[in-house]
Amino acid sequence: MTHTTIHLNGVDYAWPAQPVVVVCIDGGDPAYIERGIADGLLPNVTRFMDEGFAAVADGTVPSFTCPNNMSLITGAPPAVHGISGNYYLDTATGEAVVMTGPELLRSQTLLAAFADAGARVVSITAKDKLRRQLGKDLDLSRGNISFSSEKADCCTLADNGIENVLDLVGMPLPDMYSMELSLFVLEAGIKLLERDRPQLMFLSLTDYIQHKHAPGDPVADEFYRRLDDCFGRLAALDATVALTADHGMSDKSLPDGRPHVIFLQDILDTRFGTGATQVVCPITDAFVRHHGALGGFVRVWIHDPQLSAAEVIAHVAPVPGIAEALDRAAVCARYELPADREGDVAVLAEQNVVIGGAAAEHDLSALSDARLRSHGGLSEARVPFILSAPLNASYRQKAAQGLKSHQIFDFAINGVRGDAHA
């Protein structure tokens with residue numbers, strides 16, 4: 001078979017010379033890597049950085065799971081692929097809904113594009129909420145695989161391209177709030193890489209540990225030690241391993257341990273009246289136990305026709321803890337977001353602050369066991385960008401001009417080839 005170049009979203013991708021495994025370490029702030037290396041916990045990542053390539057890249061803003069995973073898998077920003085949060089307001093219905101339906105994704109994925117050209121590809125995610133978008137238009141009848149560790153006990157050939165996953169991996173179904181949910185993804189990836197040798201593999205983890213445990217915490221150390229072992233085993237199977245993250249993670253608590261929250265809906269209701277505005281928190285998903293639906297980026301829709309975005313911004317911007325408040329045109333231009341899915345005003349928090357809607361809407365009871373750590377703003381949009389193999393000269397030059405995390409497949413596929421093929 002003659003393999004042609006794959007064209008997607010303005011990038012030409014060569015046919016991989018060896019398996020390429022991209023791992024999205026959910027919540028994988030660079031501080032975890034830095035601390036793990038300093039403490040000698042990450043020998044394989046250290047080797048990748050010494051012998052391959054390492055940098056810190058700019059991720060997608062808002063720095064949430066869904067928009068960043070879709071950016072990684074399409075090689076493009078949300079303005080192209082359309083996924084700008086985990087949760088958004090459907091203005092046609094007036095309802096706030098999860099943003100995980102494949103019909104909302106406006107771009108083909110790299111996995112589907114390569115599969116259509118004859119490659120074998122694998123997508124494994126921790127939470128099932130991502131599976132359908134990651135597997136959009138992926139032909140599972142031709143040996144391709146797409147499943148989640150959350151639902152690994154009920155995989156079928158028709159829906160996932162695989163069955164009997166628990167037997168394959170040799171692990172029980174993991175708990176949703178555990179490090180094993182992520183480790184199952186990696187163990188499954190190792191088994192499938194060894195068995196099937198797919199050309200492309202995307203492994204997306206979950207951030208429960210990082211939400212609860214800071215760098216240097218014993219639980220975080222154990223998690224990263226086990227991640228590192230898996231990364232080394234993937235590389236030992238003659239794969240190019242690329243590590244990045246969907247977002248970082250910051251401490252969002254006051255000195256006394258209480259969450260440092262701005263309840264923006266209450267502030268707006270006090271000033272403009274109940275019903276004049278609607279705050280939507282796009283960090284929201286089905287699993288809020290670890291963050292209480294509190295993040296560093298929220299959107300405001302204005303329902304009062306007499307109220308302008310400029311008035312809302314003028315009232316919100318001076319609030320202590322607010323980093324910036326932007327109207328729709330400004331936030332879309334600055335962060336490459338789709339205008340038709342953007343609010344009238346976007347509000348970003350400072351690094352140590354989260355923004356909520358109304359206080360009555362947020363259940364913070366599950367946050368009492370640890371300091372709140374969360375993400376969403378610009379401060380959590382710096383992520384690792386690590387390759388197990390060195391870059392060719394043209395991609396070293398490209399990297400020097402600045403990196404976006406959504407370039408990870410481009411660099412992992414094209415950047416490690418000889419310059420004659422790049």
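The values are calculated or read from the model by the stated rules, or taken from the named source; none is laboratory data. Just so you know, these numbers come straight off a predicted model, no measurement behind them. Cβ sites come from the backbone with ideal geometry, for glycine too, and all protein chains shown count toward neighbours. For accessibility, only protein heavy atoms count, side chains too; no ligands or nucleic acids. Shrake-Rupley method; radii C 1.70, N 1.55, O 1.52, S 1.80 Å.
A few points about this structure:
- Filtered residue count, the range 103-144, keeping only those that are open to solvent by 10 Å² or more (accessible area, probe 1.4 Å) and farther than 23 Å from ASP410 by Cβ: 12
Rundown of residues vs (1) buried (at least 17 other Cβ atoms within 10 Å of the Cβ); (2) assigned to a helix (DSSP H, G or I); (3) of a type in the set (Phe, Trp, Tyr); (4) in contact with a Lys or Arg (Cβ under 6 Å, 6 or more places away or on another chain), yes/no style:
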| position | (1), (2), (3), (4) |
| --- | --- |
| PRO215 | yes, no, no, yes |
| PHE231 | yes, yes, yes, no |
| LEU234 | yes, yes, no, no |
| ASP246 | yes, no, no, no |
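- Being surrounded by fewer than 19 Cβ atoms within 10 Å (Cβ to Cβ) and small (Gly, Ala, Ser) is a description that applies to ALA339.
- Of all residues in the range 93-121, those that are within 18 Å of GLY10 (Cα to Cα) have Cβ atoms under 8 Å from Cβ atoms of residues that are open to solvent by 30 Å² or more (accessible area, probe 1.4 Å) and β-branched (Val, Ile, Thr), 6 or more apart or on another chain, in ARG106/VAL80; SER107/VAL80; ALA117/THR4.
- Close pairs from the range 386-414: first within 22 Å of LEU8 (Cα to Cα) and open to solvent by 40 Å² or more (accessible area, probe 1.4 Å), partner of a type outside the set (Asp, Glu) and assigned to a strand (DSSP E or B), Cβ under 7 Å, at least 6 apart: LYS404/ALA57
- Boolean, HIS3 is part of a loop (DSSP other than H, G, I, E, B), over 28 Å from ASP221 (Cα atoms) and open to solvent by 50 Å² or more (accessible area, probe 1.4 Å): yes
- None of VAL45, VAL22 is more than 21 Å from HIS211 (Cα to Cα), in a strand (DSSP E or B) and open to solvent by less than 10 Å² (accessible area, probe 1.4 Å) except VAL22.
- Test for GLY36: is it modelled with pLDDT of 95 or more and out of contact with any strand residue (DSSP E or B) (no Cβ under 8 Å at 6 or more places or on another chain): yes
- The residues of the range 145-195 that are closer than 17 Å to GLY135 by Cβ, in a helix (DSSP H, G or I) and open to solvent by less than 20 Å² (accessible area, probe 1.4 Å), listed by number, are ALA152, ASN160, VAL165, VAL185, ALA188, GLY189, LEU192.
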